[in-house]
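Since the structure comes first, as structure tokens, the remarks are kept for the end.
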Amino acid sequence: MGSCISVEEDELHKKQNNCSSNKAGVSGEPVSPMKDGSLSSNTIVIISKNVKDLRQSPGNGDLDIFTYEEMKLATKHFRPNQVLGDGGFGIVYKGVIDDNVRPGYETTQVAIKELDPEGLQGDREWLAEVNYLGQLRHPNLVRLIGYCCEGDHRLLVYEYMASGSLEKHLFLRVRATLTWHKRLKIALDAARGLASLHAVEKPIIYRDFKTSNILLDADFNAKLSDFGLARVGPTGDQTHVSTRVMGTYGYAAPEYVMTGHLTARSDVYGFGVVLLEMLIGRRAMDKSRPSREHNLVEWARPLLNHNKKLLRILDPRIEGQYSIKILMKVANLAYQCLSQNPKGRPVMSQVIEILEPLVTQEMSREEVTLQNGGGSLTLYEVPKSLPDNETKRNTLKSESERAGEAGKSEKVTGRSKSEPPKECDLYDPSPDGLH
């Protein structure tokens, strides 16, 4: 979910409690059409500095404005069994908007995020979501359908992502196994989402890239969510923007933590951390492990370029599903993204160029996926040249071996105790350091 509130160059605007529930939108230049699933050069204009501005904007966006009563109907009066999650922003509910909620509205499953007035985030983060996601459209960014801004109530209405977060599948569900191929595909989807933000005329730095902010739809397509900490990046002759450091321990780039200097390469580092988590099957920060293994990057990065050492620390749940050649290419990519030197990291367009052929190669390997109680076992097709009886024996043997491996991995995962990464203000540089 979200992180602590970030107070940057300008003072946080006071809450406006007289928001309109009429149709409105995000003011700014229109986003140019997407080509081949990516955003072409376009302009994101942040007009709404506070909720009063949002109310007065002319409404050239395509966001639906809901009343609080409609939000109550959509969530069955915010019933506890409708809760999808809870974070720094507030509680997220599953909901349905249909003809009963708003006459004539096409039935749509949604996720409704309600800002907690006592929580870690505030109007600034809420407005950032409306401003950015109200203008951006990309297959790998969660779609913002609309919002509610009525009295003290601040809610955001998103498309519903049926499979939840990458975090839940990677760390919190013992029986669910993300196959090697699924992990690569999720990494590629997330890379495309980040690249689309970096490609706009005034680059947008996501600033909070982590597994809990990567959501998966019913087909396990990945999309980035939670834009509360997103920030317009450097333009023109600027090399960076200076800002109070915000994010999540373990994911923030070292130079950003040290100096408050933010660039698109800061996002690349966060991507490298998530890629490493998918390779190793451990959280970025895990104090339940031996002290030298608390920080995943510090412990695992030096081992990424050594085949034997990497295989010893690899997530056992993906054992036997990869080719060593592809594995080492992915590990080398993670190694580059996690470079201490920002200039030593690839840009996200280069990350995509590396991952795309690897995902294609994995797809070309003939495989059959068995779904069993939420888990999945990958069985590779036996060569057709084998006699029928031998084929049958090998297939049964393969199934038995895979089932045994899955059972072992469940036991290993069940013993692991990880605490969620802390989300907070990482570092507060002195005001003199801002410019």
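The values are calculated or read from the model by the stated rules, or taken from the named source; none is laboratory data. What you are looking at is a predicted structure, and each value in this text was computed from that prediction instead of being measured. Heads up, the Cβs are rebuilt from the backbone with ideal geometry, glycines too, and the neighbour counts pull from every protein chain shown.
This table checks each residue for (1) assigned to a loop (DSSP other than H, G, I, E, B); (2) more than 11 Å from the chain's Cα centre (by Cα); (3) outside the structural domain of Pro254 (by TED's automatic domain parsing).
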| site | (1), (2), (3) |
| --- | --- |
| Arg183 | no, yes, no |
| Ala187 | no, no, no |
| Arg192 | no, yes, no |
| Phe209 | yes, no, no |
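Restricting attention to segment 328-386, which residues are more than 27 Å from Pro203 (Cα to Cα), at pLDDT 95 or above and small (Gly, Ala, Ser)? Ala331, the sole residue that qualifies. Is it the case, given these coordinates, that Asp152 is of a type in the set (Asp, Glu), outside the structural domain of Arg317 (by TED's automatic domain parsing) and surrounded by fewer than 20 Cβ atoms within 10 Å (Cβ to Cβ)? In short, yes.
Within segment 325-337, residues that are in the same structural domain as Leu310 (by TED's automatic domain parsing) sit with their Cβ atoms under 6 Å from residues that are surrounded by 22 or more Cβ atoms within 10 Å (Cβ to Cβ) and among the small types (Gly, Ala, Ser), at 6+ positions apart or across chains, in these pairs: Ala334/Gly272; Cys337/Gly272.
When the residues of segment 188-210 are narrowed to those that are of a type in the set (A, V, I, L, M) and closer than 15 Å to Lys223 by Cα, which ends up surrounded by the fewest Cβ atoms within 10 Å (Cβ to Cβ)? Residue satisfying both the conditions and the ranking: Leu188.
A single entry from Arg143, Arg124, Arg137 fulfils the requirement of being in contact (Cβ under 8 Å) with a residue 12 or more places away in the chain, surrounded by fewer than 23 Cβ atoms within 10 Å (Cβ to Cβ) and closer than 18 Å to Ile97 by Cβ: Arg143. Remark: pairs (first residue in segment 217-240, part of a loop (DSSP other than H, G, I, E, B); second residue at pLDDT below 65 and of a type in the set (Ser, Thr, Tyr); Cβ separation under 9 Å; 6+ apart in sequence or on different chains) = Asp226/Ser3; Gly228/Ser3; Gly228/Ser6; Leu229/Ser3; Leu229/Ser6. For beta carbons closer than 6 Å, sequence separation of 6+ or different chains, a first residue in segment 338-353 that is of a type in the set (Lys, Arg) and a second that is at pLDDT below 95, the qualifying pairs are Arg345/Arg265. Just to be sure before I move on: is Gly272 among the small types (Gly, Ala, Ser) and modelled with pLDDT of 95 or more in the structure I sent? So Gly272 passes the test.
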